[in-house]
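In what follows, a structure is listed as structure tokens, so that the remarks can point back to it.
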Amino acid sequence: MISYVVRRLLAAIPVIVLASIPVFLVIHMAEGDPVLMLLGVEAPTETIEAMRERLGLNLPLWRQYLRWAAGVVTGDFGRSVMSDFTVRELLVSRIPATLSLAVVAMMMAIAISFPLGIFTALQRGRWFDRFVSIVTSVAISIPHFWLGILLVLLFAVNLNWLPAGGYVSPAESPLRFAQLVFMPALTLSLYMAAILTRFVRTSMAEILTEDYIRTARSKGVPGRLIVTRHALRNALIPVVTALGVHFGRLLSGTIIVEVIFAWPGLGQLMLGAINNRDFPVVQATFLVFIVLVIVSNLVTDILYSVIDPRIRLHGAAK
């Protein structure tokens, strides 16, 4: 198991290196001179040259990349152009909020999708199965920003049950955190819950038609044990695949959701940095999002090997 995890970690390194190149080039793909966009065309020549030297833009492109990559490896992302903080300080202050939101949203999606998917597989072809199919189709088509606004109008404005936005660390006040995270997490989780419900339903429906399931039924094994002990484990691999793939979409959704609910995470930080042309912060937040997606795929691979050890053994045979 350990050797399998090490191999997957080593395989992720070149992916991160390749992904870092377009992230670095973000500052050069922007239209116009980034320094002039920061300081304005009326800025004195001395100020422009000093800013160009501070950002390292006076160096050849390959040296700029090596300098930036070396800083990233050591945790030095540079200093924010628009504030007195280093980029690392900004990231450290924002990452916990984004991760807590993403984790709660994923837990909500799993809590909704697994029972629905299993039950609709058992009720295949009946009215409840068709009803859930319609509901999931609607949920998939609803944009995050529209759903977020609707939830604010319903729970915060009309019913006055929940605050419209804000953030409190779960360590500081778990109850207040639960109140604040409910709407943004529900906004993020609805799409993933709909997708996972369909995956669980399809996978379970296929497994329940297998010969060994019919054999277990003929031997009098209770239906609950057939579902939980025999069918569910074998149905998990495509579901875990969907979790890994759509976690990246969930992370991208945090960018809009954090703005709607005043959630001080990476998404809000990145949008503010883009508006202010704070390129060091933009590069760093892009890179963190990419690394989080790569890590989620790595965790997915490890979960494969836990669910089905044959995957790990097959990889070792190669």
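Taken together, the values in this text are just the output of simple stated rules run on the coordinates, not laboratory data. Small disclaimer: the values here were computed from a predicted structure and weren't measured. Glycine gets a Cβ as well: all are built from the backbone with ideal geometry, and neighbour counts include every protein chain shown.
Full extension of the chain between GLU49 and TYR212 gives 51.4 nm of extra length, using 0.36 nm per residue less the Cα-Cα distance.
Modelled label positions at ALA262 and LEU159, each set 7 Å beyond Cα in the direction of Cβ, lie 2.1 nm from each other.
Fewest-first ordering of MET183, MET107 by other beta carbons within 10 Å of each residue's beta carbon gives MET107, MET183.
By other beta-carbon atoms within 10 Å, ranking ILE302, ILE21, ILE195 with the fewest at the front produces ILE21, ILE302, ILE195. In order along segment 102-108, phi translates into HN-Hα couplings of 5, 5, 5, 4, 5, 4, 5 Hz, rounded to whole numbers, per the Karplus curve 6.51 cos²θ - 1.76 cosθ + 1.60 with θ = phi - 60° and x for Gly and Pro. Secondary-structure-derived ellipticity at 222 nm for the chain, considering helices only, amounts to -24500 deg cm²/dmol, per-run term -39500 (n - 2.57) for DSSP H runs with n ≥ 4.
Axis of helix 61-73 versus longest Cα principal axis of the chain: the two differ by about 60°, to the nearest ten degrees. With 0.36 nm allotted per residue and the present C-alpha distance subtracted, the VAL138-SER93 stretch has 12.6 nm of extension available. Helix 2-24 and the longest principal axis of the C-alpha atoms of the chain enclose an angle of approximately 40°. Across segment 138-143, rounded Karplus estimates of 3J(HN,Hα) from the backbone phi angles (6.51 cos²θ - 1.76 cosθ + 1.60, θ = phi - 60°) give 5, 4, 5, 8, 7, x Hz, Gly and Pro being marked x. The mean sequence separation of alpha-carbon pairs under 8 Å and at least six residues apart, normalised by the residue count of the chain, gives a relative contact order of 26 percent. Selection among PRO184, LEU236, VAL87 by position relative to the dipole of the chain gives LEU236 as farthest towards the positive end (Cβ unit charges, Cα centre). Protection proxy ranking of 220-227, 68-75, 111-118, by the mean of other Cβ atoms within 10 Å over each peptide's residues and highest first, is 111-118, 68-75, 220-227. As a proxy for reagent exposure, ranking SER20, SER203, SER3 by other Cβ atoms within 10 Å from fewest up yields SER3, SER20, SER203. Here segment 94-310 is assigned +1 on the Cβ of each Lys and Arg and -1 on the Cβ of each Asp and Glu. Its dipole about the Cα centre then comes out at about 700 debye. Ranked by the mean number of other Cβ atoms within 10 Å of their residues, highest first, the peptides 260-267, 45-52, 290-297 fall in the order 260-267, 290-297, 45-52.
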